[in-house]
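Have a look at the structure below before the remarks.
What follows is calculated from the coordinates using simple rules that are stated; it is not laboratory data. For clarity, every value in this text was computed on a predicted model and none was experimentally measured. FYI the Cβ positions are ideal-geometry reconstructions off the backbone, even for glycines, and counts take in every protein chain you see.
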Amino acid sequence: MGKAKVKSGPLARRPDNSAFKQQRLPAWSPMLTANTVLPFFYFMALICMLLGVWLLLTVQSTQEMKLDYTEAGSCNLCYIKRQNASNAAQSCTCSVMFSIQKAFKGDVFFYYGLKNFHQNLRRYMDSRDDGQMVGRKRNLKNPSSYCQPFDKDQTGVPIAPCGAVANSIFNDSFTLSYHQPGSYRVRIPLLRRGITWYTDENVKFRNPKTENLTLAEVFKDTARPLYWQKPVYELDPDDPTNNGFINEDLIIWMREAAFPNFKKLYGVLNRADEVFAKGLPAGNYTIDINYNFPVQYFRGRKEVVLTTLTWFGGQNHFLPVAYLVTSSLILLLAVVLTVIWWKFGKAGKNMQE
Amino acid sequence: MQNCGKSTFKRTSIDRLMNVLVLCIFGFLAIMCTILAIGNYFWELNEGSQFIVFLPRQDGNKAAFSSFLTFWSYVIILNTVVPISLYVSVEIIRLGNSFYIDWDRKMYYARNDTPAEARTTTLNEELGQIKYVFSDKTGTLTQNIMTFNKCSINGKSYGEVYDYTGQRLEITEHTETVDFSFNQLADPRFVFHDHALVEAVKLENPEVHAFFRLLALCHTVMAEEKKEGEIFYQAQSPDEGALVTAARNFGFVFRSRTPDSVSIMEMGKQCSYELLAILDFNNVRKRMSVIVRSPEGKLSLYCKGADTIIYERLHQSCSKLMDVTTDHLNEFAGEGLRTLVLAYKDLDEEYFNQWQQRHHEASTDLDDRESKLDQLYEEIEKDLLLLGATAIEDKLQDGVPQTIEQLSKADIKIWVLTGDKQETAENIGYSCNLLQEEMNEVFIVSGNSPEDVRQELRNARTSMKPDAVEDSVFLPERTLGKSVKVLTDEVVNGEYGLVINGHSLAYALEHSMELEFLRTACMCKAVICCRVTPLQKAQVVQLVKKYKQAVTLAIGDGANDVSMIKAAHIGVGISGQEGMQAVLSSDYSFAQFRFLQRLLLVHGRWSYLRMCKFLRYFFYKNFTFTFVHFWYAFFCGFSAQTVYDEWFITLYNLMYTALPVLGMSLFDQDVNDVWSFQHPQLYVPGQLNLYFSKKAFFKCALHSVYSSLVLFFIPYLAMCNTVRDDGKDVADYQSFALLTQTCLLFAVSIQLSFEMTYWTAVNTFFVLGSLAMYFAVTFTMYSNGMFLMLPSAFPFIGAARNSLNQPNVWLTILLTSILCVLPVVTYRFLLIQLCPTINDKVMFKVRQAKATPPPPTRRTRIRRTSSRRSGYAFSHAQGYGDLVTSGRFLRRPAVSRSSGFTHIGRTTTGFSPMGRSAGYSPTGRLQNAKVPDVEVTSLQMYRTIKDPAL
């Protein structure tokens, strides 16, 4: 083994005296001694404790309101109506009332949530064509085979956007209004733009190049997804720049959730209005729902979530609690280890051969 | 060649264990996939059937078919539990560790420019598990160089060096040597330290002259004088060569012989002695004599032989001299020297003529010739006059006793298997510290019938363990239907040795007795088998392999060791002296026996440690990686959705975790080589298979289960229903995948940091570099450019940028890391505190002693203080007397060379590094076969080149 060296002389084959070849590389050999482990444990317990308390306070400062409207209020009728697929084309509106005890201060975010909707099934997730959604002309007319059976309609016209994900888009719409005390209902303005990742909005989703054509002409030879009421270029009747693949509701839906219970951003409270400049005041509210999305097929639930945020995100108590639990666990272990070390290891008796 | 045995493909026990484990893992994979497939079936039945509105089944498949597909999808996804890249990495590690052996300067022998060589790259870690070492003697333990060391002439002992105060000095390389320049024909390589002897020769002391004259005449050595004054001796035994060379240097130069004459140069004067008879050596006689007529016409009989034999035949007048010489003999033997007694007798012309007549008749007699000749020899070899005694050192290789001491401290049992005679073997056993005077008993088995042997073995065992129970010698029956039983290690009080000779061994190796033999032998600390054939060597090795669950190593230098080298788990060839046969069939080769301790205690131990650490960690990291998929299945409808990005799955083993673990398994060392030598006990865990076994594997798997639970559920709970600080999505699949894989990578990297005990710059670079690489690659993969190039291949665009800037993501990573590490640190710390292993103890000691460097290892020469007496020229064989007198060697020189005298193998012949070179002699006879009891030496036995490496 090893190549013959081009050396001569009596010690021609003598191996080099390098630290690497002689396995003498300088090294640091740490060892789990009481001097390092125990202080480390106490230190970690302290860190976790501080983090836990800090996070808990942070999370406590947020407010969240969840409202399951699947069968609530007048939506009950819509729920029954949607159970029959033949009524799919008929619209159904309902409204749900709720009240807020304590004002939501600051930015308020409005989410819709679904339960037991598996956006994370492998075949479901694959059933999309990113090439199409980024505006590739070829994919527009020729959707990827992953989209099957939602790639072409019965007549063989390509569907845009293709695939099961786009097809099953959540299509309820909400209008939120506030019962101003002693006055009429005020419609709560929601910002429905700028609610997606910047990269999604600007890179991942593009409309096909228009070249002076209208969006409708670009999508001329495509069909709308089977379950959709409107074609993709008419998703937002109010804002023409929010149509096509770059429609933000579509983009948000296309970012598939990791777990069957999820919530997706619907809009952000527009605080330009002076009533809502500080957030949502306490009081009574109504949500008017255009109830389209059927959930009975998968025994799901629908909800809306109103929440305020901090730097830590929404109201998720898990991490603060987990940090506190971990902290006490480490502390407990540290104490146990200290006792054991004191009793057995300290004298180094065990270390005698 | 026929005795060489079969070449088998050698694999290590870890290899075999790995194969079993891989099979188990396959089974485990099947179980996991079955569970998930069943889960999928029920999910499809209950949930999936509801969901077909959104996700129609392909071709209207039923739940059963879906679960069938799921099974195979999960086989693909979870196949990372089956460590395929493991095999590649294992080979790389072994290759690296083999290179370390090649590169080791401390296993390089400068004298003949031989580095150690790992001739195989597949057995390294087994070097750390050796339990039995089978060693050849000649050329392996000994250099097969005999040196004339001391002598006793006429009651005066020569050979020691004293200083002015009369204090005996230790002879070292620096001791002044005797100047032989007065003698033109002296062999320059011969070294002697006592000036008194030269003085005595120069003063023409008659006894001293007679002594050396005897040595120059009474032998069967052949001389070859190619150039005037350059004499080469070819002796049938190295002892004889040494004696004749001694005589040559002291002025009695044997120059040539014909069938009936011997020419010697006596103190510069050419004399020719008429060789009248050679009374040859045999095993019973243990002596040889020559009858010569001096140039002056005086008839003399010169005799040399074993002390006990000669003493019986001495003239009464010598009794006083006998006492003094006996003292000297005891002294010589006590130093492990081989002794011979020399005697002579002047013969009466008339008597001799008559004797010669009878001798002629007897030697032409057709029947009973042997005994008649013996009688005649007996008759003439009596009333001898004692001249003195010689002491020859069978030079051990450097460091042999220390090596053996070290190895036995490491609980390695050493069996010497030699073709030599019992006395020789025993003697060497003592001088190399294998047998010790302090041993309770050394049993000698030399029975000539099966019953005798059985009885002797039984007796030995009962005296070692009087209350031995006959049953329960086998380990409880192993799994997998292994039909062969495994002998337990029996513990005996005290230390015992066993010497067994060839024909007893033949009986002991019979099927009915092999267990008896093995039990007895394994209870002894040292076992010496003498006069064994190459085949028997292999049989002994195989016997141990068969019944003992232990790793064996055979070390030898000659062609007769090939069979055992091939039979043992690991074969080591000593290169440079005996030709290449042993080396060519060996797995490792080096030049000196003492390198064995470095090979085992340093390289072997490290290799084993590294391999085990590697395996444990590798299984851990792959299992952890895979089990997360398993947990996720319960949340994604068992739909075979992966948790991680597929690029991460591809690159995890390839780029993100490959180098750190390779770095660990190439550089890790618990303590350095000096400490390894100081604490040979560190070797024991390897023999007991402590670092990697089924149990350790199971622990790894459990640990992985824990880690994967943490790595899945903490991110799951932390992320579900969480949003970014600007309200946007972070609980989506892509962010979750990124988060989980980042947690995983941090967790396994930190775990690796705990495994690693030796952080070189390279390791640090690998660990940190891999993490950096992960982020670099991830950000690249998730970049706009990559997505726009291939939208379907890089759909994770922006995931890294949008989620790794979130504090809650990093807090989740921190929490998973803490929770993964916590039990490991606690468990290890508790182990160190409560029941520290030998490694922990030594590492602790190292830490304590870091300020002061460890004292150098003891390298004192171990002198034995025994009073054992050796027999006559041990490696002598019968028949050479006839050869030298027959004249055959003169008539057909070429042929006779190959028929015996040119086995120049066993020496440092100097000119040919191959020694007894491989290949065939002109007569077509294989030259490499070392005939075990015919030991031939040649010339130039006394090299005094100072080895700078020593």
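For the protein assembly as shown, what is the calculated [θ] at 222 nm in deg cm²/dmol (nearest 500), taking -39500 (n - 2.57) for each run of four or more DSSP H residues and dividing by its residue count? Mind showing how you got there, number by number?
Working: 42 runs with 502 residues, N = 1303.
That calculation yields -12000 deg cm²/dmol at 222 nm.
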**OP:** Rank-order B:754-764, B:358-368 by packing density, defined as the average count of other C-beta atoms within 10 Å over each peptide's residues, highest first.
**Re:** B:754-764, B:358-368
Subject >> Of all DSSP beta bridges in the protein assembly as shown, antiparallel share, percent nearest 5 >> reply: 75
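To the nearest 20 debye, what charge dipole does the stretch A:67-318 have about its Cα centre, counting +1 at the Cβ of each Lys and Arg and -1 at the Cβ of each Asp and Glu? Numbers along the way, then the final one.
Numbers: 31 positive and 25 negative charges, 88 e Å.
It comes to approximately 420 debye.
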Original post:
Which semi-axis lengths, in whole Å and largest first, follow from the square roots of five times the eigenvalues of the Cα gyration tensor of chain B?
Top reply: 73, 28, 24
Subject >> Table column - 3J(HN,Hα) (Hz), the stretch B:671-678, Karplus curve with 6.51, -1.76, 1.60, x for Gly and Pro >> reply: 9, 6, 5, 4, 6, 4, 6, 5
Original post:
By what distance, in whole Å, do the Cα atoms of chain A stretch along each of the three principal axes, largest value first?
Top reply: 93, 64, 39
Original post:
Using 7 Å Cα-to-Cβ label points, what is the A:Asn116/B:Ile76 separation (nm, one decimal)?
Top reply: 3.0
Original post:
For the stretch B:303-380, with the dipole built from +1 on Lys and Arg beta-carbon atoms and -1 on Asp and Glu ones, taken about the Cα centre, which of B:Gly334, B:Leu314, B:Leu373 lies farthest toward the positive end?
Top reply: B:Gly334
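Could you give the dipole magnitude of the protein assembly as shown about its Cα centre, charging the beta-carbon of Lys and Arg +1 and that of Asp and Glu -1, in debye to the nearest 20?
Numbers: 135 positive and 125 negative charges, 797 e Å.
So the magnitude is around 3820 debye.
How much length would be gained if the chain were fully extended between B:Phe26 and B:Val491, taking 0.36 nm per residue of separation minus their Cα-Cα distance, in nm to one decimal? Show your work: numbers first, answer last.
Details: separation 465, 0.36 × 465 = 167.40 nm, distance 3.99 nm.
Difference between extended and current length: 163.4 nm.
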Original post:
At a Förster distance of 51 Å, what's the computed FRET efficiency of B:Glu274 paired with B:Thr326, Cβ-Cβ distance as r, to 0.05?
Top reply: 0.90
Original post:
In terms of modelled amide H atoms, which long-range or inter-chain residues lie less than 5 Å from the amide H of A:Ser95?
Top reply: A:Ser74, A:Cys75, A:Ile289
**OP:** Might you report the magnitude of the Cβ-based charge dipole of chain B about its Cα centre, with Lys and Arg at +1 and Asp and Glu at -1, to the nearest 20 debye?
**Re:** 2360
**OP:** Would you kindly derive the ³J(HN,Hα) couplings of the stretch B:597-612 from the backbone phi angles with the Karplus curve 6.51 cos²θ - 1.76 cosθ + 1.60 (θ = phi - 60°), listing them in order in whole Hz, with x for Gly and Pro?
**Re:** 5, 5, 4, 7, 6, 9, 5, x, 5, 5, 4, 5, 4, 5, 4, 5
Original post:
Whole-Hz Karplus ³J(HN,Hα) for the stretch B:373-389, in order, using 6.51 cos²θ - 1.76 cosθ + 1.60 and θ = phi - 60°, x for Gly and Pro?
Top reply: 4, 4, 4, 5, 4, 4, 5, 7, 8, 9, 6, 6, 9, 6, 9, x, 9
Original post:
Lys/Arg Cβ at +1, Asp/Glu Cβ at -1, dipole of the protein assembly as shown taken about the Cα centre: which of A:Val218, B:Trp103, B:Ala731 is farthest positive-ward?
Top reply: A:Val218
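With the Cα gyration tensor of the stretch B:375-469 giving a ≥ b ≥ c as the square roots of its eigenvalues, does the rule (a/c under 1.5 for rounded; else a/b larger than b/c for prolate; else oblate) give rounded, prolate or oblate? The partial results should precede the final answer.
Numbers: a/c = 2.74, a/b = 1.32, b/c = 2.08.
Verdict is oblate for the stretch B:375-469.
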**OP:** Select from A:Ile47, A:Thr155, A:Tyr297 the residue farthest towards the positive end of the dipole of chain A; place +1 on Cβ of Lys and Arg, -1 on Cβ of Asp and Glu, and compute about the Cα centre.
**Re:** A:Ile47
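To the nearest 0.05, what FRET efficiency results for A:Ser173 and A:His317 with a Förster distance of 25 Å applied to their C-beta separation? Provide the component values of the computation, followed by the final result.
On the way: r = 31 Å, r/R0 = 1.23.
For A:Ser173 and A:His317, the calculated efficiency is 0.20.
Rounded to the nearest 5, what is the percent of antiparallel bridges among the DSSP beta bridges in chain B? Don't jump to the answer; show the numbers that get you there.
Details: 61 of 92 bridges.
About 65 percent, rounded to the nearest 5.
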Original post:
What are the principal axis extents of the Cα atoms in the protein assembly as shown, in Å, biggest first?
Top reply: 157, 66, 61
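State the Kirkwood hydrodynamic radius of the stretch B:750-821 in Å, one decimal place, computed from all pairs of distinct Cα atoms. Show your work: numbers first, answer last.
Details: mean 1/r = 0.0697 Å⁻¹.
Kirkwood radius, the stretch B:750-821: 14.3 Å.
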Original post:
If amide H atoms are built 1.01 Å from N in the plane of the peptide, which residues on other chains or at least 5 residues away come under 5 Å of the amide H of B:Arg255?
Top reply: B:Ser263, B:Ile264, B:Met265
Original post:
Between B:Tyr827 and B:Leu654, what is the FRET efficiency for a Förster distance of 45 Å, r being their Cβ-Cβ separation, to the nearest 0.05?
Top reply: 0.90
**OP:** With an 8 Å cut-off on Cα pairs and a minimum separation of 6 or more residues, tell me the relative contact order of the stretch B:98-139 in percent.
**Re:** 32
Subject >> Greater than 20 Å apart at Cα, pairs in B:Lys545/B:Lys566; B:Lys202/B:Lys269; B:Lys621/B:Lys694; B:Lys413/B:Lys841 >> reply: B:Lys413/B:Lys841
Original post:
So what does log10 I(q)/I(0) come out to for the stretch B:14-94 at q = 0.12, 0.16, 0.18, 0.26 Å⁻¹, using the Debye formula with one equal point on every Cα and no solvent?
Top reply: -0.48, -0.67, -0.76, -1.16
Original post:
Over the Cα atoms of the stretch B:62-176, how large are the radius of gyration and the largest Cα-Cα distance (Dmax), in Å?
Top reply: 30.9, 109
**OP:** No other cysteine beta carbon under 4.7 Å away is the test; run it over chain A and list who passes.
**Re:** A:Cys48
**OP:** Report the label-to-label distance for A:Lys230 and B:Ser263 in nanometres (one decimal), using points 7 Å from each Cα along the Cα→Cβ vector.
**Re:** 12.5
Original post:
Counting only other chains, what is the mean number of Cβ atoms within 10 angstrom of the Cβ of each residue in peptide A:14-23?
Top reply: 6
**OP:** Give the long-range amide H neighbours of B:Leu384: residues separated by 5 or more places, or on another chain, with amide H under 5 Å away, using H modelled in the peptide plane at 1.01 Å from N.
**Re:** B:Leu314, B:His315
